[in-house]
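Below is one structure, written out as structure tokens, with a few remarks after it.
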Amino acid sequence: MNLAMKGIVKSFGPVRVLESVDFALAGGEIHALVGENGAGKSTLMKILSGAYLLDGGSIEIDGTPVTIRSTRDAEALGIAIIHQELNMIPQLSVMDNLFLGREPNHLGVIARGRMQAEAARWLSKVGAGRIDPHQEAGKLSIGLQQLVEIAKALSLNARLLIMDEPTASLTEREISTLFAIMTDLKARGVGIVYVSHRMEEIFKICDRVSVLRDGHFVGERAVAQTGFDEIVKLMVGRELKERFPKRAVPVGPVRLQVEDLSHPGHIRHIHFEVHAGEVLGVSGLIGAGRSDILNTLFGVTRGTTGKVLLDAKPLSIRRPIDAIAAGIGYVTEDRKSQGLVLGLSVRENATLVQLKHYARFGVIRRRTEAAAVKALMAELQVHARDAEIEVKALSGGNQQKVVFAKWLAKPPKVLLLDEPTRGVDVGGKAEIYHIINRLAAAGTAIVMVSSELPEVMAMSDRILVMREGQQAGIFPAQGTPPEQIMAAATEALPAS
Amino acid sequence: MTAQQKATLQKYGPLLALVVVCVGLSIMSPSFLTLSNSFDVMRQVSINAVIAFGMTLSILLGGIDLSVGSILAVSSVLAAMTMKSGHDAGLAAGIALLAGAAMGSLNGLVIAKGNVAPFIATLGTMTLLRGLALVLSNGSPISDFSSNFFAMLGGGYVARLIPVPVVVMLVMFAAFWFVLTRTVFGRHVYATGGNAEAATLSGVNTARVQILVYTLCGAMAALAGVILTSRLDSAQPTAGAGYELDAITAVVLGGTSLAGGRGWIFGTLVGALLIGVLNNGLNLMGMSAFYQQVVKGAVILLAVLLDRGGKT
């Protein structure tokens, strides 16, 4: 089917978020929709999937104008959306989720046999035939949950799939599975709108790319005839000088030394050291134990063994408070559930870690606090109207800067980063890289877990590769081909 | 209307409702808006308000404290027993407050260290402590303390005009306001209630925050118990039953979210006053007690529905 959205206008109150946006998608193509956070991508897709009603413009399918007033309307037209945050009910089984709201039944009694057979059929269509339909959905990895969502969309007869940042939580291996399925769907005539911040993926999998900026449509290109620089220029309206800013920091003495770190069932025998001013990247598949290293170092997990030395002094970290007292900071993977208190203001979040330093006898000195927050917001370039705005109103990139602010109020000796740029747009990423570089220059030792290989390769001095809870090796970032890192992360372990 | 105006309206909605009800009642009943009746209402409100201040903290944490009525009874009985055994009223009040704090910290320990849901934990202590009050008092009221000082706590006046319980309520209001808005502890309450995991990872000792909050909750219930005992010149082991629901009503009417992390103490004061004013006004209008319940319930539902309606 061919989709044409013409002159789409949408306002929220006085704020116009889409200004006469055009978007066209042909059946059997994968069409990237890119733009910085706040450019209007999500709003446009929410209009297409029936979550928002358009204020002006028209939507045509195969030349016929259509009206989409609800998700149900969109589904009836064969449009389905796979959300970034998956919509599974984790306690229900895979098949219960697949057929939620339209369970095959006899007079209200669920026909479990038919349901299971149908579920298995749709799952195998997306190459996920190995998933047991009776499995509890929440126990599946994010990658597999996503495949279930795609199977559900197909079972709803979707001819147009909207995928919003589908690879954000996937490992390289899961991503290639996903791409294979997308290619297969494309061959079967399904049109896919692919919303992503990851340029590499767009050039790998998409046919065309449309760019939005500040609610305007700024251009459409055939992927084969454009390049990274042109797309980024369209997105940000200026040339982005460096995608990964260089760091010229002499590496200092050893700050963090980790010996034989283990967390039974998760990680075993981890050894590494990080120097002052150094970034140690941690690569590997999801579930390989990358985050476990950080959680163990920060005292989040219990029952761990091994030796950790900071500036040659042994540490005993049993709780996060101990880690913080020792000078360790932790930018967690999931900023919404672990990094921020969403209902509190930028100010209240930014000072949460070091609040005692802004207080006397337990009473907060409000001027001191406000001044410190102002300085942090300026230093980190947090784009917010003021410090009193609720942090949940900020874009992903700005939220992430607030998480950094929490730890920078008092510069940490060691900073642990878990997916520091997830869900952050290109411009915001570059700003976060600058922050990382400045911290390194100030002598902080940084351990950075990331699923984005280009990011790990460019930002790290050395890369620790994890594989099935064990250390597969530490490689210098310079001169090691990415393939070698991938191979180390995925090769079967030698019998030990 | 912008989102901000809407938020402001929502925040001050309970206050607006209170003003509207007061204006309405003073038109309908000339005896409503007299100085003596105003202080009367506030004195009636004070016990619930004091409990509700503590309750606000537990609800800000995303928890609840169902045991406040029972804590009130135990504290009240303990104070009475102390006086009956010949000790002075100050000591009695002190023992009551300490006992309230101790019972509250028991709640906090079970919740924070035992990882028990606050609803269940305090449901348990509610029953347990009610039993304790009955055991201690042998099931019968303890009365006649013949202590002028003690009688003053519930029945006295400051400057011959303002009832002592009203002063206590206002002082406690100011103290809780200060603690919640100006102190590290207050900030930690909001952070823990808003997102306990993020708070822990930011170095907030969430277990300590919880224990302290329930301790305060218990102490406030005991304070209410002292006032009540003084007013009645009698300690009843069955006193305070159902008070937890009045306190929760005041907190929720005041706009504090049961989900935790959002709310303020001023709202609770307004919520408690709103309930008190309704009680008083309906009495003055001579409405039957049965209808009063119907009206009060309807007002609560209406207030909460209005609050929900503003959320997106």
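Readers should treat all values here as calculations from the given coordinates under stated rules, not as data from a laboratory. Note that the structure is a prediction, hence the values are computed from the model and not measured. Methodologically, a virtual Cβ is constructed for each residue, glycine included, from the backbone with ideal geometry; neighbour enumeration extends over all protein chains shown.
How would B:MET103, A:MET115 line up from fewest to most surrounding beta-carbon atoms within 10 angstrom?
On the way: B:MET103 28, A:MET115 19.
Least crowded to most crowded, the residues run A:MET115, B:MET103.
Where the eigenvalues come from the Cα gyration tensor of region A:118-261, what are the semi-axes √(5λ) of the equivalent ellipsoid, largest first, in whole Å?
Semi-axes, largest first: 33, 27, 12 Å.
Any chance you could check the Cα centroid distance between region A:425-496 and region A:245-290 for me, in angstrom?
The two parts, judged by their Cα centres, are 9 Å apart.
Here are some pairs, A:LYS6/A:LYS41; A:LYS307/A:LYS413; A:LYS186/A:LYS392; which of them have Cα atoms lying more than 25 Å apart in this structure? Mind showing how you got there, number by number?
Working: A:LYS6/A:LYS41 15 Å; A:LYS307/A:LYS413 17 Å; A:LYS186/A:LYS392 36 Å.
Over 25 Å apart, Cα to Cα: A:LYS186/A:LYS392.
Put +1 on the Cβ of every Lys and Arg and -1 on every Asp and Glu Cβ in region B:34-309; which of B:ILE300, B:VAL213, B:VAL68 then has its Cα farthest towards the positive end of the dipole?
B:VAL213
What per residue convex hull volume, in Å³, do the alpha-carbon atoms of region B:119-204 yield?
That works out to 166 Å³ per residue.
Can you give the alpha-carbon Rg of the protein assembly as shown over 2.2 N^0.38 Å, where N counts its residues?
1.11
Can you tell me the order of A:21-33, A:303-315 when each peptide is scored by its average per-residue count of other Cβ atoms within 10 angstrom, highest first?
Details: A:21-33: 19.9, A:303-315: 14.7.
Listed from highest to lowest mean packing, they are A:21-33, A:303-315.
So what is the calculated 222 nm ellipticity per residue for chain A, using -39500 (n - 2.57) for each DSSP H run with n of 4 or more, over all residues, to the nearest 500 deg cm²/dmol?
-9500 deg cm²/dmol
Compute, for region B:156-312, the length of the dipole vector about the Cα centre, with Cβ point charges of +1 (Lys, Arg) and -1 (Asp, Glu) only. Units Debye, rounded to 20. Mind showing how you got there, number by number?
On the way: 9 positive and 5 negative charges, 62 e Å.
So the dipole magnitude of region B:156-312 works out to roughly 300 debye.
Compute the distribution of all C-alpha to C-alpha distances in region A:3-236, in bins of 5 Å from 0, and list the percent of pairs in each, rounded to whole numbers.
Over region A:3-236, the share of Cα pairs per 5 Å bin runs 1, 7, 14, 18, 19, 16, 12, 8, 4, 2, 0, 0 percent.
What Rg and what Dmax come out for region A:295-390 when only alpha-carbon atoms are used, in angstroms?
Cα radius of gyration and Dmax of region A:295-390 are 15.8, 46 Å respectively.
In percent, how large is the relative contact order of region A:46-159, given Cα pairs closer than 8 Å and 6 or more residues apart?
With pairs under 8 Å counted, the relative contact order is 29 percent.
For region B:34-309, what is the Kirkwood hydrodynamic radius in Å, using each pair of distinct C-alpha atoms?
When all Cα pairs of region B:34-309 are included, the Kirkwood radius is 18.9 Å.
At 20 °C and 1.002 mPa s, what whole-number value in µm²/s does Stokes-Einstein give for the translational diffusion of region A:254-490, with Rh from the Kirkwood sum over Cα pairs?
Result for D is 118 µm²/s.
In chain B, with Lys and Arg counted as +1 and Asp and Glu as -1 at Cβ, which of these residues, B:ILE111, B:ALA79, B:TYR291, has the Cα nearest the positive end of the dipole, that is, farthest along it?
The residue sitting farthest along the positive end of the dipole is B:ILE111.
In sequence order, what are the phi-derived ³J(HN,Hα) couplings for region B:150-165 according to the Karplus relation 6.51 cos²θ - 1.76 cosθ + 1.60 with θ = phi - 60°, rounded to whole Hz, with x for glycine and proline?
Karplus values, whole Hz, x for Gly and Pro: 5, 4, 5, 4, x, x, x, 10, 9, 6, 6, 9, 9, x, 3, x.
Calculate, axis by axis, the spread of Cα positions in region B:60-167 along the three principal axes, and write the results as whole Å, longest axis first.
Taking max minus min along each principal axis of the Cα atoms, region B:60-167 gives 47, 33, 19 Å.
What dipole magnitude, in Debye to the nearest 20, does region A:3-236 give about its Cα centre under +1 on Lys/Arg Cβ and -1 on Asp/Glu Cβ?
Values: 25 positive and 28 negative charges, 96 e Å.
So the magnitude is around 460 debye.
Go through B:THR200, B:LEU123, B:VAL179 and say which Cα lies farthest out towards the positive end of the charge dipole of region B:71-210; charges sit on Cβ, +1 for Lys and Arg, -1 for Asp and Glu.
B:THR200
Under the Kirkwood approximation applied to all pairs of distinct alpha-carbon atoms, what is the hydrodynamic radius of region A:382-496 in Å? Walk me through the intermediate numbers first.
On the way: mean 1/r = 0.0631 Å⁻¹.
Its Kirkwood hydrodynamic radius stands at 15.8 Å.
Measure off 7 Å from each Cα along the Cα-to-Cβ vector at B:ARG208 and A:LEU100, then give the distance between these two points in nanometres to one decimal.
For B:ARG208 paired with A:LEU100, the spin-label model returns 4.1 nm.
About its Cα centre, what dipole magnitude does region B:1-140 give when the only charges are +1 on Lys and Arg Cβ and -1 on Asp and Glu Cβ, stated in debye to the nearest 20?
Approximately 220 debye in magnitude.
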